[in-house]
Amino acid sequence: MSDDRTIALAGVTLALGNAAFAFDCTLPGGAITAVTGSSGSGKSTLLNLVAGFETPDRGQVLIGGTDVTHLHPSERPVSLVFQDNNLFAHLDLASNIGLGINPALKLSAADRVAVSTALERVGLAGFERRLPGTLSGGERQRAAFARALVRRKAVLLLDEPFAALDPDLRAAMSALLVELHRETGNTVMIVTHDPQEVRRSADHVLFLDHGRIAVDLPAETFLSGTGVAEADAFMR
């Protein structure tokens, strides 16, 4: 595993209204870490701290050993995929994905080839001129993956990316995530409330409870039973 892709939160604390969060953990570089737990446990808050959408009151967020605590999200080596996929309805897929290369859409011929290649890689070859509104939910998530691919960042953050999809499509998208991860070798952090998603894709698991990390284990160990009642009940 590569140190330049490791994510670490060192003594991080954050208060949001009446909610208090405290995180101290390391996500192994080049692995898929599932962040799971019950609703309100702090999963998305943890992701937002890594992405830069939240700034801790104390502590440090490090990516590859570099302190990124106060860097703007655009300055961090991360790509993001959300449940709503963040595609612009008025732009065709080629333009939506091209935004991952250049926000002003000033694309070279090589960039346009990269966009078409990414679409082909996620099973959307020939969809360049399609608008997001003409696509199924699974196709829109595939397009979001394609945009993440062209950005070529060391870290991929996913916040409940498959929650709105039916079970069969969730399984297919999980398989695609694992396949793309094998090819890129990036560090993946996926926030999920779905135990099956943890089983399908995770190399490492963080289980959150009341704004704290209750379990931090390799997936194989986690799935064998943690001895933490809340975590074991969640996975049943």
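Suppose we filter Ala110, Ala143, Ala148, Ala114 for residues that are closer than 21 Å to Ala175 by Cα, without any contact (Cβ under 8 Å) to a residue 60 or more places away in the chain and of a type in the set (A, V, I, L, M, F, W, C); which single one remains? Of the residues listed, the single one that is closer than 21 Å to Ala175 by Cα, without any contact (Cβ under 8 Å) to a residue 60 or more places away in the chain and of a type in the set (A, V, I, L, M, F, W, C) is Ala143. Among the residues of this structure, Arg112 counts as one that is among the basic types (Lys, Arg), surrounded by fewer than 17 Cβ atoms within 10 Å (Cβ to Cβ) and over 30 Å from Ala214 (Cα atoms). Within segment 34-86, the set of residues being of a type in the set (S, T, N, Q), part of a strand (DSSP E or B) and within 16 Å of Leu14 (Cα to Cα) comprises just one member, Gln60.
Condition first: in contact with an Asp or Glu (Cβ under 8 Å, 6 or more places away or on another chain), part of a helix (DSSP H, G or I) and modelled with pLDDT of 90 or more. Can you find one or more residues in segment 198-208 that meet it? Scanning segment 198-208, I find no residue that is in contact with an Asp or Glu (Cβ under 8 Å, 6 or more places away or on another chain), part of a helix (DSSP H, G or I) and modelled with pLDDT of 90 or more, so the answer is no.
Note on segment 13-67: among residues that are surrounded by fewer than 17 Cβ atoms within 10 Å (Cβ to Cβ) and of a type in the set (D, E, K, R), the one that is nearest to Leu206 (Cα to Cα) is Asp24. Please determine, by comparing only the residues of segment 160-195 that are small (Gly, Ala, Ser) and not in a helix (DSSP H, G or I), which one is nearest to Val35 (Cα to Cα). Among those that are small (Gly, Ala, Ser) and not in a helix (DSSP H, G or I), it is Ala163. For segment 1-52, a residue qualifies if it is under 20 Å from Pro218 (Cβ atoms) and aromatic (Phe, Trp, Tyr), and exactly one does: Phe23.
Considering segment 127-159, the residues that are assigned to a loop (DSSP other than H, G, I, E, B) and closer than 23 Å to Thr45 by Cα include one that is modelled with the highest pLDDT, namely Ala154. When Leu124, Leu105 are checked against the criterion of being among the aliphatic types (A, V, I, L, M), surrounded by fewer than 17 Cβ atoms within 10 Å (Cβ to Cβ) and part of a loop (DSSP other than H, G, I, E, B), Leu105 stands alone in meeting it. Out of Ala219, Ala231, Ala154, Ala143, one residue alone is crowded, with 20+ Cβ neighbours inside 10 Å, closer than 25 Å to Ile63 by Cα and of a type outside the set (Val, Ile, Thr). It is Ala154.
So that you can scan it fast, the table gives a plain yes or no per residue for (1) in the same structural domain as Leu180 (by TED's automatic domain parsing); (2) among the aromatic types (Phe, Trp, Tyr); (3) at pLDDT 95 or above; (4) touching a Ser or Thr at 6+ places or on another chain (Cβ under 6 Å):
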site	(1), (2), (3), (4)
Ser41	yes, no, no, no
Asp57	yes, no, yes, yes
Gln60	yes, no, yes, yes
Thr69	yes, no, yes, no
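In segment 67-80, the residues that are more than 18 Å from Gly98 (Cα to Cα) form Cβ pairs under 6 Å with partners that are in a helix (DSSP H, G or I), at six or more places apart or across chains, as follows: Pro73/Ala51. Selection of segment 154-171 for residues being within 21 Å of Thr117 (Cβ to Cβ) and in contact with a Gly (Cβ under 9 Å, 6 or more places away or on another chain) yields only Ala154.
The values are calculated or read from the model by the stated rules, or taken from the named source; none is laboratory data. Owing to the predicted nature of the structure, the values given are computational and were not obtained by experimental measurement. Because the Cβ atoms are built from the backbone with ideal geometry, glycine has one as well, and the counts that use them run over all protein chains shown.
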